[in-house]
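Bear in mind these aren't lab numbers, they're just calculated from the coordinates by the rules spelled out. Given the structure is predicted, the values throughout are model-derived calculations rather than measurements. Note: ideal-geometry Cβ built from the backbone for every residue, glycine included; neighbour counts use all protein chains shown.
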Amino acid sequence: MFLPPCWLSLSAARVAGRLRACLRRVLTASAGLAVVIVTPVAIVVIPIVAHAGAPPVPGLPRVNAATIPMSIADSVAASGDDASTLAAMSDVSPTMARIRERGRIVLGYRQTAVPFSYVDAQDQPMGLAWALCQRVVQALQREVAMPDLRSTPVRVIEQMRAPLIKGDAIDIDCAPSTVTAARERQVAFSLPYYAANVRLMVRQGAGIHSIDDMRGLRLAVVQGTTAERLVRARHARAGFQLLMARDYDDAFRMLREHRAQALALDDVLLEGLRATSKSPDAFHIVGPPLATQPEYYALALPKDDPAFKARVDAALAEIFRTGDMRQLQRESFQTAVPPFGHVLQVVPSPEVLAIWDAGARYGATADGNTNATENDTSAASSSPRG
């Protein structure tokens with residue numbers, strides 16, 4: 001790659017920053033189909049996602065490249081400031097510095113992850129994970145004295161969660177993200193806020209009672225989920241055909257249209273999908289969990305920013321301590337959902353209540369006061385998958 005002579009004395013980080021700024025301007029002008037992120041060691045191309053309200057299209061939704069926020073490094077490189085300015089802007093938390101710089105926080109959401117993260121009839125995000133993110137934003141507004149801090153929703157599919165967070169395209173992924181060791185190598189996770197088990201959903205009268213009854217049949221699973229990993233482990237022994245889906249709605253459509261005889265997913269998400277059907281009683285959840293341990297959900301955050309994680313965890317812990325979590329759960333899990341208005345009746349399991357109790361103790365001192373620190377992750381340690 002040819003570099004201008006005036007760039008040869010710059011550090012690799014500043015060169016990458018200037019290249020990102022140039023590419024960002026090109027994408028803004030052309031409203032391209034991908035975001036190109038340049039690092040000192042690689043060039044990463046990721047599909048563009050859509051802001052809330054954008055019309056759905058086959059595959060990945062689209063968004064105007066001009067709406068994608070610039071990172072701090074991009075801004076510094078574009079302005080010609082030196083490395084000391086970049087360090088000053090970073091403050092303690094680079095994520096918070098980026099949020100303060102642009103005056104808004106970018107939140108990822110899912111379109112059909114009922115009851116955690118989905119859209120209403122007006123195509124606006126809602127659900128438990130989305131509500132938690134709104135509470136986090138309110139806490140950040142108070143803490144950093146930014147009462148006008150706005151949030152920008154961005155639609156994300158499962159496979160793009162980590163690349164979008166790593167590329168600074170979103171600040172928090174407000175969706176049911178399972179904590180796993182593999183994912184923790186790419187993103188950070190907040191305190192866990194929910195638990196679920198991967199099971200199967202089938203049509204009534206299918207004669208399927210567990211995954212062992214799937215020999216010779218077709219099983220749908222969403223690509224990039226922990227359910228995919230679990231069913232692949234059973235694939236050779238059970239002898240079923242695996243159908244890969246783009247998202248939850250795509251997987252459920254395979255089951256509704258008889259292209260698949262079963263759908264593997266977290267049980268609480270399966271209940272949400274049933275409620276979105278015209279005839280929920282036509283489907284039921286069968287069999288034991290596909291894993292010995294439940295899945296633990298948390299908000300996905302930028303990696304290597306413990307100060308930002310501490311802020312998010314402190315906001316969640318306050319929700320656990322005040323009992324607001326129970327109210328938010330009722331509002332999202334015991335309510336009518338679109339498009340047919342069927343009512344969910346999902347109550348928190350003992351595992352979920354244990355997570356809330358652990359979260360309420362986050363940062364607690366011996367005298368009963370709270371003192372959340374960047375390194376206090378005791379509540380998150382309740383997740384065996386972390």
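Extension gain, His209 to Ala182, is 6.6 nm, computed as 0.36 nm per intervening residue step minus the present C-alpha separation.
Kindly provide log₁₀ I(q)/I(0) values, in the same order as q = 0.10, 0.12, 0.15 Å⁻¹, from the Debye equation applied to equal alpha-carbon scatterers of region 202-352. The Debye formula, applied to the Cα set alone, gives -0.44, -0.62, -0.90. First select every other residue whose beta carbon is under 11 angstrom from the beta carbon of Met254; then total the charges, Lys and Arg +1, Asp and Glu -1. Summing Lys and Arg as +1 and Asp and Glu as -1 gives +2. Were the residues from Asp304 through Gln327 laid out at 0.36 nm apart, the gain over their Cα-Cα distance would be 5.1 nm.
On full extension, the segment bounded by Ala282 and Gln241 gains 12.5 nm, given 0.36 nm per residue less the C-alpha separation. A simple spin-label model places pseudo-atoms 7 Å from Cα toward Cβ; at Ala354 and Glu257 they are separated by 4.1 nm. Given R0 = 51 Å, the distance between the Cβ atoms of Arg218 and Glu101 translates into a calculated FRET efficiency of 0.55.
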